[in-house]
1. When N counts the residues of region 261-416, how does its alpha-carbon radius of gyration compare numerically with 2.2 N^0.38 Å, as a ratio?
2. Give me the percent relative contact order of the chain, please, defined on Cα pairs under 8 angstrom at least 6 residues apart.
3. Could you sort Y252, Y104 by their accessible area in this structure, using a 1.4 Å probe and putting the largest first?
4. When only alpha-carbon atoms are used, what values of Rg and Dmax, in angstrom, describe region 117-237?
5. If you add up the charges near E360, with Lys and Arg at +1 and Asp and Glu at -1, over every other residue whose beta carbon is less than 11 angstrom from its beta carbon, what do you get?
6. Hey, any idea what Rg/Rh is for region 92-178, computing Rh the Kirkwood way over Cα pairs?
7. Filter K232/K272; K133/K162; K41/K97; K272/K367 down to the pairs with a C-alpha to C-alpha distance above 25 Å, please.
8. Considering only protein heavy atoms, with the full assembly of protein chains and a 1.4 angstrom probe, order K204, K316, K102 by accessible area, largest first.
Amino acid sequence: ITDEPEDHLHPKGEDHQLDRCKGIEFDAITPDEKGNTFFFKGDHLWKGFTGPAELSGGTFKELDEHSHLDHVDAAFRMHHGDDPNTHDHIFFFLDDKVFSYKNYTLENGYPVDIQQEFPGIPNHLDAAVECPKGECVTDSVLFFKGNEVYHFDIKTKLTKKKVWSHLPNCTSTFRWLEHYYCFHGHNFTRFHPISGEVTGVYPKDARNYFMRCGEGFGHGAGTRKLQCSDIKLNAITTDSKGRAYAFQGSVYMRLDTHREGNHPFLISRQWKEISGAVDAVFSYGDNMYIIQGGQVYIYKSEAHYTLIEGYPKPLKEELGIDGPVDAAFLCANQHIIHIIQGQKMYDIDLMASPRAIKKEMPIPFPKIDAGLCDADGVKVFIGPEYYDYGSPMLLALGKASPQPHKISPEKFGCEQ
């Protein structure tokens, strides 16, 4: 578990001619609309982070029929929220032509000249990657040729050309969980999609992160997907941008990004100042509160979380309660935070100053691990199960526990 994605399955037999664990420079990388990732090299592709190479024409057969495909120059999955006719289509670039696929089937009228579909974009590209609004200024595509980068606005079809001479020549690019990766040789470099800025120590070897290569590669090689029965959450929350997170031990998982798969990451990857397990997390307005021991950290929920100056602060000073706590949750459009310690739930008004406990109620559990309030009500997590209540008040008044639900693979990416 690291600061980049890593698969959690054992490798299957690789194609003897093409073994990506021997160090391959990919021609193109793209996800499909279901979140499967395709890695292309010559006339072969790999589906996902494990498994053998297979002929590209087996999945995208018209590519072969049109061009007797021996390679792909670039590929990306279109993000165009305003146009369902192109949203989630996969575009392939080959020499001076572009192909558009939906459900692995070539769209009528394709291939066409690249400039017909993407005016101002050159032929014989090196790489391409989607950049949704919020990460770029508008829904865009980044095209790469040498050290030239073309920011293409999907709506206006206008192109801005930049030169990023500090970045290696990308033979493929990949957007993964709001981060952008330039692949070169068997290495990759993470970059900012607007400025091209590189922060951190790069390049890194792709075999340690984007594929499973067994002995000698990867961090924690041989780890498997978590069993659902082993899940014991420390915290769970959804922020103001709709990003949902579950925390367990020193790692977290995004729950709302099934199109990119379920992968655990170190908490410090996203919230740099936090190390180790957290006690509770909740979101209020545009801020995320992380409680650890007797301290509270408050982060702005921007594209990448930034700690507000002056934090962490003592929990007693910020919320008027002594730590540690078991769970905390806030219902939508409310300003009462419900904090659980042992068998008691405390209500604190976040609009009051100073903040202090305004109500104390018993709950029907000796100890819970995490709590969440969403559109369906309150969920209380205990080990690999959770209990549903219509509201915080029903939780406090509950004399008998409702039937528990099991944590599911669909939501948590675990294995039954």
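The values are calculated or read from the model by the stated rules, or taken from the named source; none is laboratory data. Since we're looking at a predicted model, the values are computed, not measured. As a convention, Cβ positions derive from the backbone with ideal geometry for all residues, glycine included, and neighbour counts pool all protein chains shown. Each accessible area value is taken on the protein alone, full model and side chains, heavy atoms only, with ligands, DNA and RNA left out. Shrake-Rupley method; radii C 1.70, N 1.55, O 1.52, S 1.80 Å.
1. Relative to the 2.2 N^0.38 Å estimate, region 261-416 comes out at 1.05.
2. Here the relative contact order equals 11 percent.
3. Most to least solvent-accessible, the answer reads Y104, Y252.
4. Final numbers for Rg and Dmax: 17.5, 53 Å.
5. Counting the neighbours of E360, the net charge comes to +2.
6. Computed over Cα atoms, the ratio is 0.96.
7. Too far apart for the 25 Å limit: K272/K367.
8. K316, K102, K204
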